[in-house]
Ligand code: C5P
């Protein structure tokens, strides 16, 4: 039976939330970068570091709560088995007395057991997706600083293509002819959108708000972000599939391994204003969290929320839902681009965007049932 909140399936809640989060992030990220002059720009790498710290702290709290629930429901000193998620849910419903009380010894036991899992012998595996996600999260700032909202959102959908390619290479997944066709159609749709925007812009750089946008730099960043998104996602999936560790423990490990590259990005010379204005860097020498105003905090909080929702979508929903969320986010960002940022819609932009949405829909339609053993199915 699927888990619910106030009677609504968690899968549906996470889908709607992910859609709104995806669009909100693109819009707020873009606005936070273009609305201030270069000398008052916040440090993007510092925002990525804050994101990882907050996400890690929240994941640690959830993992600890789960460990305490497991320990408090264990009787007779038998702490050898961690209950399943359904059992957790049953105990949560039966109230505080249901598990027999939580005393200090059990809380300590829970903390020790949880830390043992966090620092287990295979935790190093998370170092690869962690580094990739830090790069991706930094690249997002470059892209959002140099592309308009709808173009960024549509182009970023190419991560469906990179995810599929890495699934084929690393997970040896076989794709149906329909899925390959959908992927080609997706790439063609993104191509159509790019063709029209280059023709409309006439040059690779344009002025937007208080900020000069370099379209070539933005596109390069979004393509690289699609590569890291695909590779990190598939690698994270491989790690999740290969062990029984709790998702929140894996998230804590992911955040822990993110800290070193995130700190390096903050202090690396030349990288301190990733996605910011061109050289010379007018904020060089300023404190790391200088110019960190309400919009910068909004970006960090939406990113933290997005990371946690992504984890929930992996847990309670599936790839089909995640794909739909991305398509719906394109439509929302598209409308926001027109209303908030004076984005000019052309026929070819509409055509390209429709192709991307249709390709995403087609890709996520279930394949016709096959005879014999099923192909490997992806949880995300
Ligand atoms: O766009 P994509 O789905 O690749 O984005 C994933 C985002 O979610 C990244 O910002 C990454 O840091 C975050 N994430 C997370 N925890 C996971 C998986 C992804 O915070 N388990």
Checklist entry - How many nm is it between the label spots at residue 361 and residue 8, if each spot is 7 Å from the Cα in line with the beta carbon? => result 2.3
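Test of understanding: what is the full-extension gain from residue 124 to residue 260, defined as 0.36 nm times their sequence separation minus their Cα-Cα distance? Intermediate values should be presented prior to the final figure.
On the way: separation 136, 0.36 × 136 = 48.96 nm, distance 1.32 nm.
Net length gain for the segment: 47.6 nm.
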Item to check | Among 56-62, 299-305, 119-125, the order from most to least packed when residues are scored by Cβ within 10 Å on average | outcome: 299-305, 56-62, 119-125
Next on the checklist: Using a 10 Å cut-off around each Cβ, can you sort 33, 173, 344, 106 from fewest to most neighbouring Cβ atoms?
Outcome noted: 344, 173, 106, 33
Checklist entry - Over the stretch 1-69, one equal point on each Cα, no solvent: what is log10 I(q)/I(0) by the Debye formula at q = 0.12, 0.18, 0.29 Å⁻¹? => result -0.56, -0.96, -1.14
Item to check | residue 65/residue 173 FRET efficiency (R0 30 Å; Cβ-Cβ; nearest 0.05) | outcome: 0.30
Next on the checklist: Quick check on the exposure proxy: order 185, 289 from fewest to most C-beta atoms within 10 angstrom.
Outcome noted: 289, 185
Checklist outcome for this item: FRET efficiency for residue 40 and residue 368 from the Cβ-Cβ distance with R0 = 45 Å, rounded to 0.05, comes out at 0.20
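Among 238, 41, what is the fewest-to-most ranking by other Cβ atoms within 10 Å?
On the way: 238 17, 41 26.
Neighbour counts put them in this order, fewest first: 238, 41.
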Item to check | Label-to-label distance, nm, for residues given as residue 291 and residue 268 (7 Å Cα→Cβ offset) | outcome: 2.0
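Computed from the coordinates by the stated procedures, all read-outs in this text should not be read as laboratory data. None of these values were measured; they are calculated from a predicted model. Note: ideal-geometry Cβ built from the backbone for every residue, glycine included; neighbour counts use all protein chains shown.
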